[in-house]
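Structure first, then comments.
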């Protein structure tokens, strides 16, 4: 029988074999296999935990080997597997004639109590892929582990609270005793993600911005990228920060991916064991390239991966570093981000929709009828070029936000529940239609080869589209973006074909318009 554990190494990670060897000599505990400081300290924690649990600690010299040796082992989750390996070897229950493998995770307190750990979902998922069918984990992590897709396999997820309990369960497995069967998979069935949590902050208080709210609704319905620019105080930031109210709960597959990413970043999923709320990340303008894309000594996921399945919001986008902004282009195109450091490369999912806000110029008054703009044309040009044309070309929806003025007193805000109802209609149609192409089934994720089949237009709309493309104002990516946005608008109207009205609205939302800084259409 062998005890295995889990080491973080990118999105996939790696299974680590934990071995103990007892030999004659001066009593001591040595750990080899490239452990970090926390793993080296495990020898003191597990020694105290074993003795305080009333279990015998061997008086021999103990050697702990964590293999593969070239992979760095980090964190406190190795405490429990090391302790069980020592106890199992001391009691002679880990015999080589037993082919059983057991995944063990857990951090030990000196009293022998087992603390919960992160990475449980990733560890159990990988263990199942490798053929491990027995998992001893902290009871507090049991809810998270039960969400792993077991695919009807007979899996024992054994939750324990103390070292003594864990050792007794391990001894029972070694003797071939009956183990507890896998619990039912508590993940929600694969159904269209059209359910929301109760509204915390909706759009009832956002007044005078009907076009912006309409654009955000379309973006939420189809997963489209959006940029909004306007003078300071016009309400663009207020509206975009309430975007999470329009995002439905994640479907099961996406929730598993998001929970796994957050576990790798050291963020717990909480008592429910699964993150079902769509992520909404808003990094500060001072965010580094490493913080945005991921990296560091441990190559942890960055903001683009933490926004996977949801939205990444950059307020005052021109204030971010140019290198940070340009790093978004690859993930926006592929849905993945590759992180490299010191000869090591890891790959993380990063399928998110990008939301940007900007002022029209450095002073913020470009195009204003009431306030003078103090910026030279060259300054406006440099300000917008911080984003670069390739990044701006990836913005499917472009909205000029005007000052609401007197309309704030007369108009009422939009009803968030009505907006959600429109989004639900569109998402249900996409889920039924697009899933056969990819498990990323929103219209924004359609590949170029599928656009002609999915984005079918009425005859007159097709002529309008061909005329718009023939003018040369749209890039190839822009022409596809117009088709996808028009498809989403038609889905919101529950229509099979894209009509002229939907196409014209998509064209207007993709155009920069007369309020844009002059360099964009000069």
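May I ask you to verify whether residue 27 is farther than 26 Å from residue 299 by Cα and either in contact (Cβ under 8 Å) with a residue 12 or more places away in the chain or in contact with a helix residue (DSSP H, G or I) (Cβ under 6 Å, 6 or more places away or on another chain) (or both)? It would help to see each step written out before you state the result.
Numbers: farther than 26 Å from residue 299 by Cα: yes; either in contact (Cβ under 8 Å) with a residue 12 or more places away in the chain or in contact with a helix residue (DSSP H, G or I) (Cβ under 6 Å, 6 or more places away or on another chain) (or both): yes.
So residue 27 passes the test.
Closer than 22 Å to residue 216 by Cβ, modelled with pLDDT of 95 or more and touching a strand residue (DSSP E or B) at 6+ places or on another chain (Cβ under 8 Å): does that describe residue 395?
Working: closer than 22 Å to residue 216 by Cβ: yes; modelled with pLDDT of 95 or more: yes; touching a strand residue (DSSP E or B) at 6+ places or on another chain (Cβ under 8 Å): yes.
Here the answer is yes, as residue 395 does meet what is asked.
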Notebook entry, point to check: Residues in region 120-135 that are within 17 Å of residue 99 (Cα to Cα) and in contact with a strand residue (DSSP E or B) (Cβ under 7 Å, 6 or more places away or on another chain): how many?
Noted result: 6
Notebook entry, point to check: Are any residues in region 293-311 crowded, with 24+ Cβ neighbours inside 10 Å, within 10 Å of the chain's Cα centre (by Cα) and not in a helix (DSSP H, G or I), and if so, which ones?
Noted result: 301, 302, 307, 308, 309, 311
Item checked: From the options 101, 111, residue that is assigned by TED's automatic domain parsing to the domain that holds residue 169, within 16 Å of residue 88 (Cβ to Cβ) and surrounded by fewer than 20 Cβ atoms within 10 Å (Cβ to Cβ) -> 101
Notebook entry, point to check: (1) part of a helix (DSSP H, G or I); (2) at pLDDT 95 or above: which one isn't true of residue 77, the others all being true?
Noted result: (2)
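Just checking: which of the strands (runs of 3 or more DSSP E) contained wholly in region 317-360 hold 3 or more residues that are within 17 Å of residue 284 (Cα to Cα) and in the same structural domain as residue 260 (by TED's automatic domain parsing)?
353-358
Please specify each residue of region 439-473 satisfying the condition of being part of a loop (DSSP other than H, G, I, E, B), free of Cβ contacts under 8 Å to residues at least 60 places away in the same chain and farther than 19 Å from residue 489 by Cα. Give the steps one after another, and end with the answer.
Narrowing region 439-473 to residues part of a loop (DSSP other than H, G, I, E, B): 439-442, 446-447, 455-456, 458, 471-473.
Keeping just the survivors that are free of Cβ contacts under 8 Å to residues at least 60 places away in the same chain gives 441, 446-447, 455-456, 458, 471-473.
The answer is 471, 472, 473.
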Next item on the list: Can you tell me which residue within region 231-260, out of those that are more than 15 Å from residue 194 (Cα to Cα) and in a loop (DSSP other than H, G, I, E, B), is nearest to the chain's Cα centre (by Cα)?
Entry: 242
Next item on the list: Can you tell me which residue among 90, 96, 125 is at pLDDT below 95, crowded, with 16+ Cβ neighbours inside 10 Å and more than 32 Å from the chain's Cα centre (by Cα)?
Entry: 90
Next item on the list: Return yes or no: is residue 427 closer than 22 Å to residue 500 by Cα, within 26 Å of the chain's Cα centre (by Cα) and either outside any loop (DSSP other than H, G, I, E, B) or modelled with pLDDT of 95 or more (or both)?
Entry: yes
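Across region 41-62, what is the total count of residues that are outside any helix (DSSP H, G or I) and touching a residue at least 60 places away in the same chain (Cβ under 8 Å)? Outline the logic, then answer.
Residues of region 41-62 outside any helix (DSSP H, G or I): 41, 53-62.
Next, from what is left, pick out any that are touching a residue at least 60 places away in the same chain (Cβ under 8 Å): 53-55.
Residues that pass the stated criteria total 3.
Among 432, 382, 427, 436, which is the only one that is surrounded by 19 or more Cβ atoms within 10 Å (Cβ to Cβ) and either without any contact (Cβ under 8 Å) to a residue 24 or more places away in the chain or closer than 22 Å to residue 247 by Cα (or both)?
Within the list 432, 382, 427, 436, the selection yields 427.
The values are calculated or read from the model by the stated rules, or taken from the named source; none is laboratory data. Predicted model only: the values in this text are computed from it and were never measured. Counting neighbours? That spans all protein chains shown, and the Cβs are built from the backbone with ideal geometry, glycine included.
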